[in-house]
Amino acid sequence: MNNRKGFTILELIIVVAIITILATFLIPAGGKARERARQAKARSHIAALEVAITAFQTDFGFYPTSQFSGSSPNFTVNSGATVESNNATIIQLLTGFSFSGGNRSASSNALVTSSVWNGPYLDLDVSDVNGSGAMIDPWTNPYAFSLDLDGNPGTTPPSHNLYTFDISSAGPDESSGTSDDVINY
Ligand SMILES: [Ca+2]
Ligand SMILES: [Ca+2]
């Protein structure tokens, strides 16, 4: 009787071949599942942003922006202001936090500290924000925002939701304006 210990070379070759064949099928499937999960996360981020921005607008009468004047509780959008695109500004006004370098601190923005502010409208983890305080998508690129400030469809951006706001992620290819973008329009 053959008292065998360990593997023969042939057996090892067969095992390696089987693992290679399995990996060929499983790794792309795993990659696709991860990509689907990232896309789902981006869609859920945008849905949460839509709710948060709308709730802010309900309280203030305008979308989150640094282009305002007046004092609490009577704030108005600056005349001539047409759009707010600053991701970090919008995120600060929605969360009530100023994010910087992986830390967050309570915002001292006049809107946030006013009695009108009834947030946080959005809860974010520091991992959802980059070092400059901008909210990032699952591919670590900042979301692009265009929030209408003047109610005038003749002034764009926003280029799609003329009276409300456009939000977009560049998606898996990390390039904006392509078919894999995750958008609210
Ligand atoms: Ca406009
Ligand atoms: Ca894209």
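When region 49-65 is examined, which residues are found to be in a loop (DSSP other than H, G, I, E, B), more than 17 Å from Tyr143 (Cβ to Cβ) and touching a strand residue (DSSP E or B) at 6+ places or on another chain (Cβ under 7 Å)?
The answer is Phe62, and nothing else.
Conditions tested, residue by residue: (1) within 16 Å of ligand 1 (Cβ to nearest atom); (2) under 30 Å from Gly31 (Cβ atoms); (3) of a type in the set (A, V, I, L, M).
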position	(1), (2), (3)
Phe62	yes, no, no
Ser79	yes, no, no
Glu84	yes, no, no
Ser98	no, no, no
Ile136	no, yes, yes
Pro158	yes, no, no
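So, in region 46-67, how many residues would count as being surrounded by 19 or more Cβ atoms within 10 Å (Cβ to Cβ) and more than 17 Å from Thr155 (Cβ to Cβ)?
The qualifying residues number 6.
Rundown of residues vs (1) over 25 Å from Ser69 (Cα atoms); (2) part of a strand (DSSP E or B); (3) of a type outside the set (Asp, Glu); (4) at pLDDT below 95, yes/no style:
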site: Val116; (1), (2), (3), (4): no, no, yes, no
site: Ser127; (1), (2), (3), (4): yes, no, yes, yes
site: Gly131; (1), (2), (3), (4): yes, no, yes, yes
site: Leu147; (1), (2), (3), (4): no, yes, yes, no
site: Ser159; (1), (2), (3), (4): yes, no, yes, no
site: Thr178; (1), (2), (3), (4): yes, no, yes, no
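Out of region 141-183, which residues are within 15 Å of ligand 2 (Cβ to nearest atom), among the polar types (S, T, N, Q) and surrounded by 18 or more Cβ atoms within 10 Å (Cβ to Cβ)?
Selection gives Ser168, Ser169.
Provide a single number: the residues in region 161-176 that are more than 16 Å from ligand 1 (Cβ to nearest atom) and not in a loop (DSSP other than H, G, I, E, B). First the steps, then the outcome.
So the first thing to find is which residues in region 161-176 are more than 16 Å from ligand 1 (Cβ to nearest atom), and the list is 168-176.
Checking which are not in a loop (DSSP other than H, G, I, E, B) leaves us with 168-169.
So the answer is 2.
Please pick out the residue among Val129, Val112 that is surrounded by 13 or more Cβ atoms within 10 Å (Cβ to Cβ) and within 21 Å of Gln57 (Cβ to Cβ). Talk me through it step by step, then tell me what you get.
Details: Val129 fails: within 21 Å of Gln57 (Cβ to Cβ).
Selected residue: Val112, the only one of Val129, Val112 that is surrounded by 13 or more Cβ atoms within 10 Å (Cβ to Cβ) and within 21 Å of Gln57 (Cβ to Cβ).
The values are calculated or read from the model by the stated rules, or taken from the named source; none is laboratory data. Predicted, not measured: the structure shown is a model, and the values here were computed from it. Glycine gets a Cβ as well: all are built from the backbone with ideal geometry, and neighbour counts include every protein chain shown.
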